[in-house]
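Structure record follows, encoded as structure tokens.
The values are calculated or read from the model by the stated rules, or taken from the named source; none is laboratory data. Note that the structure is a prediction, hence the values are computed from the model and not measured. Backbone-built Cβ (ideal geometry, glycine too); neighbour counts: all protein chains shown. SASA here: full protein model, heavy atoms, side chains in, ligands and nucleic acids out. Shrake-Rupley method; radii C 1.70, N 1.55, O 1.52, S 1.80 Å.
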Amino acid sequence: MTTNQPEQTVILKPKLNGFLITYIIFSLPGFLISLLTILLIFFIFLGAIFSSGNSSELVSGNLKLNTTIDNGATSGILVYNLNGPISVGTNNSPNLIRETQIYTSKVAQDIQELQNIPEVKNIVFKFNSPGGELIASKILGRQIQELSSSFDSEETEAVFYYDRLSASGALYATYTIEKSYVIASDYGETGSIGVVTTLPNLSGTAEKIGYSQTVVKSSNFKDLGNVFRDPTNEEIQYIQDQINDEFNQFKTLLKKSRNLNETQVNEVTTGEVFNNPKAKELGLIDEIGDL
């Protein structure tokens with residue numbers, strides 16, 4: 001008997017019980033996905049066992065603090081980073097400047113915010129700075145004193161950690177605090193104690209380009225620092241007297257804060273920078289250690 005229906009081909013295959021799961025697991029893409037999943041679960045498990053604390057982020061105004069708090073603790077010590085040259089700055093300076101510049105205006109904002117964060121019970125000031133403006137260094141020292149004294153603690157010292165470089169104005173800010181404790185890395189440098197200013201002189205350039213000016217002033221010192229003329233001997237002496245006065249204040253702070261005698265002070269106030277082990281021998285720091 002014949003029909004006009006098309007021929008049908010039937011292909012018999014073995015039963016595929018469990019084959020799909022086996023293929024997903026042992027094919028190359030599936031194998032990699034499974035391996036990564038197993039490793040992820042393994043490391044999460046290890047972290048749960050061996051982790052001594054938990055990380056979180058405290059946010060207050062413009063200040064964000066990445067924190068690690070021991071299990072069961074309700075408070076912690078903040079490491080406050082002070083990186084870069086010191087200057088007064090403005091309140092409009094970008095927040096990213098905190099990583100490369102120490103602006104006292106930003107520090108003032110941070111102080112207000114930190115005093116309202118109950119988790120922070122004390123603070124370590126981590127310096128990596130070549131120094132900066134004299135007035136700004138003085139202001140920074142007073143700000144550090146204000147922030148340190150705001151914590152209820154049996155310890156009355158302000159604690160500093162000197163990292164790669166702590167020089168000039170960074171030390172001025174430190175020694176403004178009468179009672180401080182300084183720990184420094186074994187690879188860093190400390191020093192450059194002194195006061196300096198410069199008087200640019202563009203009179204030669206002005207002469208070459210044919211520029212001149214007439215100055216009408218009420219007194220001899222009114223245009224002190226005019227870059228288009230040479231300073232007078234009287235002006236140089238005036239500035240030198242100011243430098244000497246500030247330098248003597250620096251040395252007085254050094255004596256009082258570091259408990260050094262006159263000979264010891266003269267030894268470290270040459271403007272030199274010392275490696276930290278040598279700085280410890282000279283009495284500029286208290287201890288070589290890590291953060």
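If you go through the range 199-241 one residue at a time, how many are loosely packed, with under 12 Cβ neighbours inside 10 Å and within 30 Å of Gln264 (Cβ to Cβ)?
Selection size over the range 199-241: 3.
Going by what's in this entry, would Glu133 be described as at pLDDT 95 or above, within 18 Å of the chain's Cα centre (by Cα) and of a type outside the set (Phe, Trp, Tyr)? Show your work before the answer.
Values: at pLDDT 95 or above: no; within 18 Å of the chain's Cα centre (by Cα): yes; of a type outside the set (Phe, Trp, Tyr): yes.
No; evaluated as a whole, the condition is false for this residue.
Going by what's in this entry, would Ser149 be described as free of Cβ contacts under 8 Å to residues at least 12 places away in the same chain and either closer than 30 Å to Ile111 by Cα or of a type in the set (Asp, Glu) (or both)? Step through it out loud before you land on a result.
Working: free of Cβ contacts under 8 Å to residues at least 12 places away in the same chain: yes; either closer than 30 Å to Ile111 by Cα or of a type in the set (Asp, Glu) (or both): yes.
Yes.
Could you list, in sequence order, the residues of the range 247-269 that are buried (at least 16 other Cβ atoms within 10 Å of the Cβ), in a helix (DSSP H, G or I) and not hydrophobic (A, V, I, L, M, F, W, C)?
To start, the set of residues in the range 247-269 that are buried (at least 16 other Cβ atoms within 10 Å of the Cβ) comprises 250-251, 253-254, 257-258, 260, 264-265, 268-269.
Add one more test, that the residue is in a helix (DSSP H, G or I), and what stays is 250-251, 253-254, 257-258, 264-265, 268.
The answer is Lys251, Ser257, Arg258, Gln264.
Need pairs with beta-carbon distance below 8 Å; first residue closer than 18 Å to Ile239 by Cβ and free of Cβ contacts under 8 Å to residues at least 60 places away in the same chain and within the range 200-225, second part of a loop (DSSP other than H, G, I, E, B) and among the basic types (Lys, Arg); sequence gap 6+ or separate chains.
Within 8 Å, the pairs are Asn201/Arg229; Ser203/Arg229; Asp223/Lys217.
Step by step: first the residues of the range 270-283, then only those that are over 14 Å from Arg164 (Cβ atoms) and touching a strand residue (DSSP E or B) at 6+ places or on another chain (Cβ under 9 Å), then the one that is least open to solvent (accessible area, probe 1.4 Å). Which residue is that? Working first, answer last.
Going through the range 270-283, the residues over 14 Å from Arg164 (Cβ atoms) turn out to be 270-272, 277-278, 280-283.
Remaining after also requiring touching a strand residue (DSSP E or B) at 6+ places or on another chain (Cβ under 9 Å): 270-272, 277-278, 280-282.
Values: Thr270: 79, Gly271: 39, Glu272: 94, Pro277: 56, Lys278: 84, Lys280: 92, Glu281: 142, Leu282: 19 Å².
Per the stated criteria, the residue is Leu282.
Take the residues in the range 113-126 that are over 21 Å from Leu291 (Cα atoms) and of a type outside the set (D, E, K, R); name whichever of them is most open to solvent (accessible area, probe 1.4 Å). Write out each step before concluding.
Taking the range 113-126 as the starting set, the residues that turn out to be over 21 Å from Leu291 (Cα atoms) are 113, 115-118.
Subset that is of a type outside the set (D, E, K, R): 115-118.
Working: Gln115: 87, Asn116: 120, Ile117: 16, Pro118: 86 Å².
So, considering only residues that are over 21 Å from Leu291 (Cα atoms) and of a type outside the set (D, E, K, R), the one most open to solvent (accessible area, probe 1.4 Å) is Asn116.
Only one of Asp286, Asp290 is surrounded by fewer than 11 Cβ atoms within 10 Å (Cβ to Cβ), on the phi < 0 side of the Ramachandran plot, acidic (Asp, Glu) and touching a residue at least 12 places away in the same chain (Cβ under 8 Å); which?
Exactly one of Asp286, Asp290 is surrounded by fewer than 11 Cβ atoms within 10 Å (Cβ to Cβ), on the phi < 0 side of the Ramachandran plot, acidic (Asp, Glu) and touching a residue at least 12 places away in the same chain (Cβ under 8 Å), namely Asp290.
Among the residues of the range 68-112, write down those that are open to solvent by 40 Å² or more (accessible area, probe 1.4 Å), closer than 22 Å to Gly188 by Cα and either acidic (Asp, Glu) or at pLDDT below 85 (or both).
Arg98, Glu99, Thr100, listed by residue number.
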